[in-house]
Amino acid sequence: MSLRDAHDAIESAFATWGRFAVRWRWPVVVATLAVSAVLGLQAPNVRSDNSAESFLRPNDPARVGYDRFRAQFGQDDHVFVGVAAPEIFDLAFLARLRDLHRAIEREVPFIDEVKSLLNARNTRGEGDQLIVEELLESWPDDAVDLAALRARILDTPSYINTLVDPDASVTMLSIKPFVYTTLEGDGDVLAGFDDDGVTGEGKVPGILSGPEQIAMVEGLMAVVERFEAPDFELHLSGGFIGNHHSTQMMMRDIETFLSISIATIGAVLFFLFRRISAVVLPLAVVLLAMVSTLGIQVVLDIPSSVSAQVVPPLLLAIGVCGAIHLMTLVYRELAGGSDRADAISAALGHSGLAIVMASLTTAAGLVSFRGAELAQVANLGTVAPIGVLVVLVYVVVLLPAMLAIIPLGSDHARGDALQKRLGTQLAQLGINSVRHPKRVLVGTAFATALAALGVSQLEMSQFPLRWFPPQDPVRLSAEFIDREFGGANTVEVMIDTKQENGLHDPLFLNDLESAVAAAEAYDDGQVRVNKVISILDVIKETHKALNENRSRDYRIPQDRELLAQELLLFENSGSDDLEEFTDSRLQLARVSLRLPMVDDMHMPPLIEAIEGLFARALGDATDIEMTGIGVLFGRSFSVINVTMARSYAIALSIITPLLILMIGNLRQGLIAMVPNLLPVFFTLGLMGSLGIPLDNSTLLVGCIIIGLAVDDTIHFMHKFQRYFAKTGDIEQAVSQTLETTGSALLFTSLVLSCGFGVMYFAYMENIKDFSVLATFAAVTAFVADVVVAPALLSLIGGRAAATHEPDSVRAA
């Protein structure tokens, strides 16, 4: 059997299925809706995870190191509350600060500790006694006490840029959330851990769950809202706050504007078809597919994320395209006098294979994302193909049955006439391209050159803070913390001295001090380190306190035994602060770098530079590991380029042979890839021209482009190949293809352009960018198929298809 015979057999099978769906319409509809209902009951349980670690796979080296770090030292991603007031060294202000501190401790769940001026470590000496107490353990009574407090704070380096700004004009609370969930049992979550932070079963305990994080953040927001006043401004910032806010805003945008998009699509469908069924049926297919896909996502325990935001618009595009192609043909058959069963059977026989191949090709291309190093993108490589296949089932199984049930009518002359008129006009457009291919391709080459200029201006970026509008409260608060305190972002340096009590060695500590000083001076023009915190602060504060609190003794003791004694005195003082900087063996040293929120593209060079500073200062006697939330950001950015380029390359390598197999001709199959690639390239050019960066959000617009371009191309090329094999004339084949398929291609492009376009009014800047790019991609995909493809076929693609014998081809 030849490939053409196989195509004929498949199309005949689809026509037979159309009659079956009409005959057994009610059982098909009831069974499909029952499955949808079961899956839909799971949809509300979908969880979101946009945490820094969610971007990386659990076995990624950066993620493994971060998990080990947190098992030892706890959470490094703190929440910060900046407090601005006319005067912070004021009794009334300090009383309000104390009330806020205690309210957070009392009312906010899932936090380990709160640090502020109220309970900051105050190390001092009285005679030969070391006292480590809370800073405001003795409450000030008057202006003299307040002045002494201010002087004390400014004389303690560890307070600057952690509790107060360098001028001591504003202050900040630092809140340390839990690392691990409380849902997996009571007691010490680190019980049973070995030195690698792994349980006896080889598993780390579960991270603080999504509902727990939400409860923590919303509890904190409620307290802050209650205390905030014009003379007591509060600025809430940190990773948990940004993640919660971005998730909430993106979900709100997607829910709101997806609803508006669907309503807009419905209005455009009614205008184009002038039939209620043309509105109800495609939207029913899309909505049921979305709900079912969410249910499957819950069953598979795959969280929603920034990357997954592309799935609903993708399913919208695939579902609307498939439904319109089928319904356009059904309505045309009805207008020609066919009865309902014949119309549905003919429509499925005409377009069923193209619909299936378009969905299978798109799904196969999206599976390539499954191998991505970014965990969120890998999850997309599971959810998106499943969603596309669910849409396919609804289009070829449910839609024909519903077309057999819902009244369609055959007297909608205006809508039918519009389809016929548009088909004729598109056919003429295609004929012009066939007759003047060089003009079309020269114009295409010129447009490609303009796009290349835009591509040359493209920049990689990953700066989620900029996804919020300039006046967004969370963005303003983050900028306040950056401006006043030098930032809330952290990079951690883990140093292993490889020996017990390695931190008793003054020589090592001297080298560490040199590395810390170099790190504090780091400024590459893009990122500046504004604070470094380490065990050196404790050592120097203790030595100063034991030497009559003299400022000149704020230094490292150079005698090993004296150093060991002073550290022992600090441990015996009742403070547990050493646990923040070292392990129980005094073998590890933790150094924390504070820096502002910056574009993640700047993190890899900073991390490399800081690691180099410490390696040069400490030599080969120690092991150095870079970790912390900032390292995860840097690692995520580093793998974006590689993982996305590889995924799209694999997707194209899968799509190309499938297109060739579908079309049955190597030359035409390769030509068919041009209309698939042009929208991608033109969209990249638009991004560069508009200054829209390539980031984790915009890179995934490629999924939409693949879905749109592949769908349009397969429908066009499938019908062209059949008509050309039948007639042997390119111009006639293009004309017949666009007369029968062109209006459906135009309708899907118009509908999706309007649907995506309304998303431009969303709150989040990345959703606006998505709107612009997806709308542009829908238009360029259509133009590439109805203008560029005919010109290419005329110039270089038609000769090979004539080798098929016309006798073997039945009338379409």
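The values are calculated or read from the model by the stated rules, or taken from the named source; none is laboratory data. Please read all numbers here as calculations on a predicted model, not as lab measurements. A quick note on method: Cβ atoms are made from the backbone with ideal geometry, for glycine too, and the neighbour counts reach across all protein chains shown. Just so you know, the surface numbers come from the protein's heavy atoms only, side chains and all, with ligands and any DNA or RNA stripped out. Shrake-Rupley method; radii C 1.70, N 1.55, O 1.52, S 1.80 Å.
Please tell me if Lys531 is basic (Lys, Arg), touching a strand residue (DSSP E or B) at 6+ places or on another chain (Cβ under 8 Å) and on the phi > 0 side of the Ramachandran plot. Here the answer is no, as Lys531 does not meet what is asked. Counting only helices (runs of 4 or more DSSP H) that sit completely within the stretch 657-742, those holding 3 or more residues that are touching a Pro at 6+ places or on another chain (Cβ under 9 Å) and of a type outside the set (Lys, Arg) correspond to 701-727, 730-737.
Among the residues of the stretch 369-382, those that are open to solvent by 10 Å² or more (accessible area, probe 1.4 Å) and assigned to a helix (DSSP H, G or I) comprise Arg370, Gly371, Ala375, Asn379, Thr382.
One residue stands out in the stretch 562-594 among those that are among the charged types (D, E, K, R) and open to solvent by 30 Å² or more (accessible area, probe 1.4 Å): the one that is farthest from the chain's Cα centre (by Cα), namely Glu571. Pairs linking a residue in the stretch 604-622 that is surrounded by 13 or more Cβ atoms within 10 Å (Cβ to Cβ) to a residue that is among the hydroxyl-bearing types (Ser, Thr, Tyr) and modelled with pLDDT under 95, with Cβ atoms under 9 Å and 6 or more positions apart or on different chains, are Pro604/Ser638. The number of residues in the stretch 170-189 being at pLDDT below 95 and under 18 Å from Asp482 (Cβ atoms) comes to 0. Candidates Thr727, Thr780: the one that is closer than 24 Å to Thr448 by Cβ, of a type in the set (S, T, N, Q), open to solvent by 10 Å² or more (accessible area, probe 1.4 Å) and modelled with pLDDT of 80 or more is Thr780. Go through (1) charged (D, E, K, R); (2) open to solvent by 40 Å² or more (accessible area, probe 1.4 Å); (3) within 25 Å of the chain's Cα centre (by Cα) one by one and return the number of the condition Arg475 breaks. Going through (1) charged (D, E, K, R); (2) open to solvent by 40 Å² or more (accessible area, probe 1.4 Å); (3) within 25 Å of the chain's Cα centre (by Cα) one by one, Arg475 breaks only (2). Of the residues screened, Asp559 is one that is modelled with pLDDT of 95 or more, charged (D, E, K, R) and open to solvent by 60 Å² or more (accessible area, probe 1.4 Å).
Scanning the stretch 672-693 for residues that are surrounded by 23 or more Cβ atoms within 10 Å (Cβ to Cβ) and either farther than 28 Å from Ser461 by Cβ or touching a Cys at 6+ places or on another chain (Cβ under 8 Å) (or both) returns Ala672, Pro675. Any residue in the stretch 520-531 that is buried (at least 21 other Cβ atoms within 10 Å of the Cβ), among the acidic types (Asp, Glu) and under 48 Å from the mean Cα position of the chain (by Cα)? No, the stretch 520-531 contains no residue that is buried (at least 21 other Cβ atoms within 10 Å of the Cβ), among the acidic types (Asp, Glu) and under 48 Å from the mean Cα position of the chain (by Cα). Annotation: of all residues in the stretch 250-280 being open to solvent by 30 Å² or more (accessible area, probe 1.4 Å) and of a type in the set (Ser, Thr, Tyr), the one that is nearest to the chain's Cα centre (by Cα) is Thr256.
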